[in-house]
Amino acid sequence: MRFDATGKVTLDHIYNQPDPRAYFRELRKLDYCVPQQAKPYFAKLVEEYRDTRQVAVPKVLDIGCSYGINAALLKYDVTMDALYARYCDEHLAPGAGPGHHAEETPEALLARDRRLARSHRPVRPVRFTGLDTSSSALSYALEAGFLDDAVHADLEKDEPSPRQREQFAGTDLVISTGCIGYVTERTLTRIVRSMGDRRPWMAHFVLRMFPFGPVERALEELGYSTVRADDVFRQRRFASPQEQAQVLETMKEAGVDADGLEADGWLHARLYLSRPNGTAGWPWSPERLARETAPPPVEPSGPAAPSVPVRPSAPATPSAPATPSVPVTPSVDEPK
């Protein structure tokens, strides 16, 4: 195993394959689940934006979108369990001889995903633009129909090109599930500044090992205020005892208490919500934030029928977070 400077195992190789199978195989071993846990919160955010801003089809920018997982969950109301089955099990086709199975070709898998996108009318009227540094993942998500547009860029290094500025234009919501820490305030401010006076709403699930303070301060300079839900969300299990020990050391050096969370074997994330100053009713009071971020009813495993109205719901996986019973507070970094 290779590790990055924070102590986390490096999984770059699973993001550059021609299809999502390696991604899901590797992450299923680690019970990766944060997109499923983020789904009901993103769904509520989309619905609130549509209702309050009177935007029929909000445009969402997903930073670090990989193969379009958040888009698939939100647009077509599939679950992570269904995607794990789809990419780890269902792609096996009968092979030569009894008991033998051969893998579908990437082309056959892509065709099957296109049929999924065509046969499932989007449960939520929403357009998804994906931003990622992996051209392979972006191409697959776009061709499959999970994404409506794709931006291949590293905004940590470069300013958005004129074409990329056009793609960002009109964005209503910016989301992410785990890339903050590798993606910094540099990327977020470049995205926002590329839109002129427009200020999209934001929701980011951020690993507790990474401080959000620099991002929050940079957004504040652009006219945002940020709040943080007090609940925590499991992201994935540690890949090895070595990874856990290294991450715990990183957190200890940063003054973040890992007892009962990362010390018990799981990486955990927090949810940060940022909106422009002057947004009606924002920032929420602690009482309202507690209501808005309370876990919805448990969602059954597997894909939902596309014709059934959907309520925001929590995943029916063993990795679901505990029901929060504590107040929520204005955004602050983890204790130093």
By residue number, the members of segment 169-183 that are open to solvent by less than 20 Å² (accessible area, probe 1.4 Å) and of a type in the set (Gly, Ala, Ser) are Ser176, Gly178
Of the residues in segment 54-69, those that are within 16 Å of Val206 (Cα to Cα) and open to solvent by 10 Å² or more (accessible area, probe 1.4 Å) come to Gly64
Across segment 27-70, the tally of residues that are in a helix (DSSP H, G or I) and within 14 Å of Val123 (Cβ to Cβ) stands at 9
Yes/no for Glu220 being closer than 27 Å to Ala169 by Cβ, open to solvent by 10 Å² or more (accessible area, probe 1.4 Å) and without any contact (Cβ under 8 Å) to a residue 24 or more places away in the chain:
yes
Result of the Cβ filter at 6 Å on segment 234-249, keeping first residues that are aromatic (Phe, Trp, Tyr) and partners that are crowded, with 20+ Cβ neighbours inside 10 Å, at least 6 apart or interchain, is Phe238/Gln244
Screening Arg208, Arg186 for residues that are surrounded by fewer than 19 Cβ atoms within 10 Å (Cβ to Cβ), in contact with a Leu (Cβ under 8 Å, 6 or more places away or on another chain) and within 30 Å of Leu261 (Cα to Cα) leaves only Arg186
Within segment 257-282, residues closer than 22 Å to Tyr32 by Cα, open to solvent by less than 30 Å² (accessible area, probe 1.4 Å) and in a loop (DSSP other than H, G, I, E, B) come out as Ala258, Gly265
Taking segment 55-88 and the residues there that are of a type in the set (S, T, N, Q) and more than 15 Å from Leu173 (Cβ to Cβ), the one that is farthest from the chain's Cα centre (by Cα) would be Thr79
Exactly one of Thr171, Thr133 is in contact with an Asp or Glu (Cβ under 7 Å, 6 or more places away or on another chain) and of a type in the set (S, T, N, Q), and that residue is Thr133
Does any residue of segment 33-44 turn out to be among the charged types (D, E, K, R), under 25 Å from Arg270 (Cβ atoms), open to solvent by 40 Å² or more (accessible area, probe 1.4 Å) and out of contact with any His (no Cβ under 7 Å at 6 or more places or on another chain)?
-> yes
Here the residues within segment 112-168 that are touching a strand residue (DSSP E or B) at 6+ places or on another chain (Cβ under 8 Å) and surrounded by fewer than 12 Cβ atoms within 10 Å (Cβ to Cβ) are Ser135
Among residues of segment 1-32 being aromatic (Phe, Trp, Tyr) and surrounded by fewer than 22 Cβ atoms within 10 Å (Cβ to Cβ), the residue modelled with the highest pLDDT is Tyr15
Considering only strands (runs of 3 or more DSSP E) wholly within segment 110-220, the ones with at least 3 residues that are of a type in the set (Phe, Trp, Tyr) and within 30 Å of Gly278 (Cβ to Cβ) are none
Any residue that is more than 30 Å from Thr279 (Cβ to Cβ) and open to solvent by less than 40 Å² (accessible area, probe 1.4 Å) - is there at least one of those in segment 229-236? yes
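The values are calculated or read from the model by the stated rules, or taken from the named source; none is laboratory data. In this text, all values refer to a predicted model and were calculated from it rather than measured experimentally. Methodologically, a virtual Cβ is constructed for each residue, glycine included, from the backbone with ideal geometry; neighbour enumeration extends over all protein chains shown. Accessible surface areas use protein heavy atoms only, side chains included; no ligands, DNA or RNA. Shrake-Rupley method; radii C 1.70, N 1.55, O 1.52, S 1.80 Å.
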